[in-house]
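Heads up, the thing below is written out as structure tokens.
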Amino acid sequence: ARLKEGLSKTKNSLVTNLEGIFSSYQKIDEELFTELEDTLIMADVGVETTTYLTDQLRETVKQQKVSDPAQLKPLLIGLIRQVIEGAGRKQFNFDARDKVLLIVGVNGVGKTTTIAKLAARFSDHRRQVLLVAADTFRAAATEQLMQWGERIGVPVIHHQEGADPAAVVFDGMAAAQSRKSDLVIVDTAGRLHTKVNLMEELKKVRRIITQNIGGRQLETLLVLDATTGQNAVNQVKVFKEAVAIDGIVLTKLDGTAKGGVVLAIAHQFQIPIYLIGVGEKKEDLQEFDALAFTRALFE
Ligand code: GDP
């Protein structure tokens, strides 16, 4: 129900428009396909993925001799599911122990909120979590993480503003070792306008983690803001150049009609979308599932 509610803006635009097309056309012709393409692009599905979907749909129509536009809806839903599942069915594991989650992403996408939501969920699963405030560029970032830490009862390792992020991470890894923390979640800076520095910093942070990993497994999660639409797609490209991304968290799906960006991300990168944010509260982080997602949209 929360997912359905969260996706209501995308449903109201994308799905309502699609249904309008399927019901208003008498026959399946090029005009219909053009309108279909426009609708998908307007919902931030992106040109590449839109072209892929409509080409596949044309092909199926030809092969199965489909003539009724109403029959296109289940066919399109099937294709959308395939595209989403293509990115990998891997589920995010909240029962994990001995993991270091490196959280990367541009400022404002919802990194800190996502970290708090993750920490709260892991705590619910009786895991000992340690947060590491390695965004030392903004004092507010550390403060915000400490406030969350206090609220959910999770310790936060931090330094002064302007400190070397690698030093905070080094201390964080040592603290995780001595406290025997199950999970370490590392916040990082996201100043994209100094792209080269940012990427060098991320690489360094990553190196410090792996050198002090102590038998844990490193997983890098990229946080993206769904309301930025195709910008989110570009951010994947930029971050992928600096660090290997193991999974994506797509936030703010509740505040946008641009939910089609899920398809673009799933189709263009072989990176699983692990989690989605559908609100600001700590419960508003959900495991992403292609079937549940398409159902919430289309049913
Ligand atoms: P950061 O700069 O990447 O650490 O971003 P923050 O975690 O500070 O989040 C920026 C804003 O987005 C805050 O106002 C959050 O409450 C809000 N936010 C984060 N995730 C979500 C979400 O899934 N849905 C909504 N509606 N807001 C979110």
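Does F94 satisfy the condition of being at pLDDT below 95, surrounded by fewer than 23 Cβ atoms within 10 Å (Cβ to Cβ) and more than 20 Å from the chain's Cα centre (by Cα)? The answer is no for F94.
Residues in segment 252-299 that are of a type in the set (D, E, K, R) and at pLDDT 95 or above: K252 only.
Quick grid of which residues meet (1) touching a residue at least 60 places away in the same chain (Cβ under 8 Å); (2) within 19 Å of R206 (Cβ to Cβ); (3) near the ligand (Cβ under 8 Å from one of its atoms):
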position: I103; (1), (2), (3): yes, yes, no
position: V106; (1), (2), (3): yes, yes, yes
position: G110; (1), (2), (3): yes, no, yes
position: I115; (1), (2), (3): yes, yes, yes
position: F122; (1), (2), (3): yes, no, no
position: H125; (1), (2), (3): no, no, no
position: L131; (1), (2), (3): no, yes, no
position: F137; (1), (2), (3): no, yes, no
position: Q144; (1), (2), (3): no, no, yes
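If you go through segment 138-158 and keep only what is more than 24 Å from the chain's Cα centre (by Cα) and crowded, with 20+ Cβ neighbours inside 10 Å, you end up with I157, H158.
Among the listed residues V154, V66, which satisfies the condition of being within 16 Å of the ligand (Cβ to nearest atom) and in a loop (DSSP other than H, G, I, E, B)? Quick ask: steps written out before the conclusion?
Working: V66 fails: within 16 Å of the ligand (Cβ to nearest atom).
Every option except V154 fails the conditions.
Annotation note: of V169, V184, V205, the sole residue that is more than 11 Å from the ligand (Cβ to nearest atom), surrounded by 18 or more Cβ atoms within 10 Å (Cβ to Cβ) and outside any helix (DSSP H, G or I) is V184.
State which residue is nearest to the ligand (Cβ to nearest atom) when the search covers only segment 69-101 and only residues that are charged (D, E, K, R) and in a loop (DSSP other than H, G, I, E, B). Steps first, answer last, please.
Looking only at segment 69-101, we keep the residues that are charged (D, E, K, R), and these are 73, 81, 85, 89-90, 95, 97-99.
From what is left, the residues that are in a loop (DSSP other than H, G, I, E, B) are 89-90, 95, 97-98.
Details: R89: 22, K90: 21, D95: 23, R97: 25, D98: 25 Å.
Only one residue tops the list, namely K90.
When I265 is tested against (1) in contact (Cβ under 8 Å) with a residue 24 or more places away in the chain; (2) within 16 Å of the ligand (Cβ to nearest atom); (3) surrounded by fewer than 17 Cβ atoms within 10 Å (Cβ to Cβ); (4) part of a helix (DSSP H, G or I), just one condition goes unmet, and that condition is (3).
Look at segment 278-294: where a residue is within 12 Å of the ligand (Cβ to nearest atom) and a partner is of a type in the set (D, E), sitting 6+ places away or on another chain with Cβ atoms under 9 Å, you get V278/E5; V278/D254; V278/D284; G279/E5; G279/D254; E280/D254; D284/D254.
The values are calculated or read from the model by the stated rules, or taken from the named source; none is laboratory data. Keep in mind it's a predicted model, so treat the numbers as computed, not measured. Glycine gets a Cβ as well: all are built from the backbone with ideal geometry, and neighbour counts include every protein chain shown.
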